[in-house]
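Note sheet for the following structure.
The values are calculated or read from the model by the stated rules, or taken from the named source; none is laboratory data. These numbers come from a predicted model, not from an experiment. Counting neighbours? That spans all protein chains shown, and the Cβs are built from the backbone with ideal geometry, glycine included. Please note that ligands, DNA and RNA were not included when accessible areas were found on the heavy atoms of the full protein model with its side chains. Shrake-Rupley method; radii C 1.70, N 1.55, O 1.52, S 1.80 Å.
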Amino acid sequence: MMVDPTLAEMGKNLNEAMKILEDGRKASEPDADRRQFSRCSIPGPLQGDGQDVASILQLVQNLMHEDEEEDKPSHRRMQNVGEQGHMALLGHSLAAYISVLDRERLRKLITRIASDTTLWLCRLFRYESGSAYYHEDDREGLLKVCRLVINTRYEDYSTEGYTVLNSRQPVIYQSATCRPGLGQHLCSQLGLPLSSLCTVPCNTMFGSQHQMDIALLDKLIREDVETGKLPLLLIANAGTPGAGHTDKLGRLKELCEQYGMWLHIEGVILATLALGEVSSPVTAATSSDSMTLTLGPWLGLPAVPAVTLYRHEDPALSLAAGLTSSQPVEKLRALPLWLSLQYLGHDGIVEKIRHAVELSQQLLEKLKTLASIKTSDELDSEISFVDALTMVEDELNSPVVVFRFSQETSAESSGGSVEGYFAGEREVLDSLNRWLCERLAQLVPASGVDIVELEDEGTCVRFTPLMTAAALGTQRCDVDLLVERLTELVPVLNCTLRLRLDFREEVYRHSALSYIEDLSWPGLGAVRYEPRIEELNDSKRQLEVEKINSELLVKLGDLDADLIFSTGLEFGPEKDCIFIGMATEDLDVAELVDMIAALGRDIEENGRLLENMTEVVRKGIQEAELQLQKDNQDKLMEEGVLRQIPLVGSVLNWFSPFQSTVKGRTFNLAAGSLDSTEPTYSMKAQTGGLASPETPTSSAKRLPGQRLFRREGAGGSDSHSETSSVGQAEDLSRERVPQPTPPYLVPDEAVSMAPEISETPQVPAKPEPTQENGEVGTQEGEQEERQPEGQEAPVEKTGR
């Protein structure tokens, strides 16, 4: 068998290139040499002699991973490019190679590729007698279909252009649950006014609240016909972008035939048409005029085009609309898909889709067995958020699973609103569900869960394996792990939501703390310490608040606690605040708030003491300089002029030593004054110092290993929990209970300017350390009486 050497070399190079790139992706951290290589190679000029393939691929690899940080683990979802992915990538290379063939050979080849791919897709998705249009943008197929319908309904459009639209304005109908911006994009590309777009609301009284209201659609069409407008096209969903619901396609098809409209269908559930067992509502999609398939996500194929299947008998109009092309090269878009479909085969394609559907059903069944989850067949008729999680489930057993955390509410909550026991509960629940989805995505990245915003339900967590399983390699064990992590996080969410009110009430009890109402914060809440400074203006007060809260955040972060303290969301509205993260059942909220208030007061008082001490030191230094000048003058007057002469003064001091009456000085920081050192030398110990008070931490008597803000009995009603405050300093000085928190730095109240004197004072009984001058002293009332100066202490005689 003859083998094209170019094709063989292309396949070899592709395998080597993918191996290099995948090896770089598997590396957890890029090394320094690789980063340096990328930085040096990007801005440099083209080399005169060029580079080899390996060097260029190395550069591509570096560019792909240059933004990864060494100290930050990455939770990004990377597509699992398997053998079928290699075939899709090979198709792009082959398309470039085939395009250089001679015209006749190229025409035969692309005709075979296009006809084979179209035939396979029509048989696979049960779309008989259809044609296919391959496009990169998944909206482009619908756009071309709209041009086809306009050319069909307006016979003179090809010659008269948009002027023929003035006679009867065309109207495009779409569901309120369609992709955001889809209708606006169509009007913009077609040159139609926005009045040509009609958005049909979903059911409000009967049926699913995510399905198009057919009765209202019929009314809108009749009104448009009566006003002289032309109903042109209807866009229906087989799996809405949000919750994965399917419109009543059979009834919509009947309505379109009644008014002569074109029916276009799109959605992820169209993938289930390839399965042997398909529900009748989805089967109705095979009778539509056109539908768009996104095979890349469904089958895990990178860089393959989307496909729009349509039925139309006039090839000239299809060519005018751009659904077909006379350029052979444009038909090569189907080549990557042609290769991938052959590689997977019919059974492989069906197996991938069936596996994704089974994953959805597995998760749905797991959620039904959990006591904290309610699966809702009644969700379409009545929104009821009960227990901890609510399941959004379509009556067609949609492969899209959407669930939402919700606190227990009253039975009267209904009608699509969330009526909680405190104002703003809906916003709080939305923030908690965002946190839940982010945590699940980090803990189980292979699950592919993401956030979806639904109009009635709010923020929800969505599991869409049809769009993610093939690329991420999701397996049944990943679903089990997802449910396991979900059951672990639900109690944390429940406790946090319940304790938010307790936290707010405790903050209100402290005049120095301000409760910050930030409904977008997924945690216990936010608090700000307000310093008690009245004389400062607004700007200085703001700086003081920022300084104190920044230091307070650092101290709280250093505590041995399970809570997370932060500055909040990056672009949040509140600044200079302390945000507390998620809470658990055994959290002692009162102790937490008291600790925040105590630490804030501690920082504020220490700041004031430091400012006062700075002023005292400055004045003391000035006074000391004046006193030293005066002492020098007095000494000069006492010694006389002769003693100041170098040689004469030395001889005179030898024969007649002079005893100066100038005394030493010591600077007392506590009193802010200069004192004489005579008592120090006479008593052989410095006096006048005060022991610095200890900073209160927490007065709770904790068990060994027990962390801060935790009650002794987790889940108990009111277990023993004492809180910390400055007013409990006396109890702390008596109890001397060792605390797990680090001590807080308090400046020394007295610093001596006199040198220390080596001495052997009488040893007191059981001395306790104080922080004065770093020396060892005793507490008041525990020292023994000192002996008068000049009198020796009595010594016990031992008879030796």
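Key figures for this structure:
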read-out	value
Cβ-Cβ FRET estimate between S280 and A54, R0 fixed at 56 Å, reported to 0.05	0.50
Interchain or long-range residues, amide H under 5 Å from S175's placed H	V200, I235
Where labels lie 7 Å past Cα in the beta-carbon direction, separation of L628 and R354 in nm	9.5 nm
FRET efficiency estimate (nearest 0.05) - Cβ-Cβ, A512 to T567, R0 25 angstrom	0.80
Per-peptide average of other Cβ atoms within 10 Å, ordering 312-319, 183-190, 127-134 highest first	127-134, 183-190, 312-319
Taking the C-alpha atoms of region 515-607, convex hull volume expressed per residue in Å³	105 Å³
Restraint check, K555/K575; K253/K352; K144/K352, Cα-Cα greater than 28 Å	K253/K352; K144/K352
Theoretical FRET efficiency, 1/(1+(r/R0)^6), r = Cβ-Cβ of A215 and Y162, R0 35 Å, to 0.05	0.60
Protection proxy ranking, peptides 235-241, 430-436, average beta carbon neighbours within 10 Å, highest first	235-241, 430-436
log10 of Debye I(q)/I(0), alpha-carbon scatterers only, for region 263-363 at 0.14, 0.18, 0.25 Å⁻¹	-0.65, -1.02, -1.41
Area of S406 that stays accessible when all protein chains are in place (1.4 Å probe, Å², to 10)	0 Å²
Accessible area expressed per residue, region 515-607, with surrounding protein chains retained (probe 1.4 Å, Å²)	44 Å²
Three-way shape call for region 180-284 based on the alpha-carbon gyration tensor, with the a/c threshold at 1.5	prolate
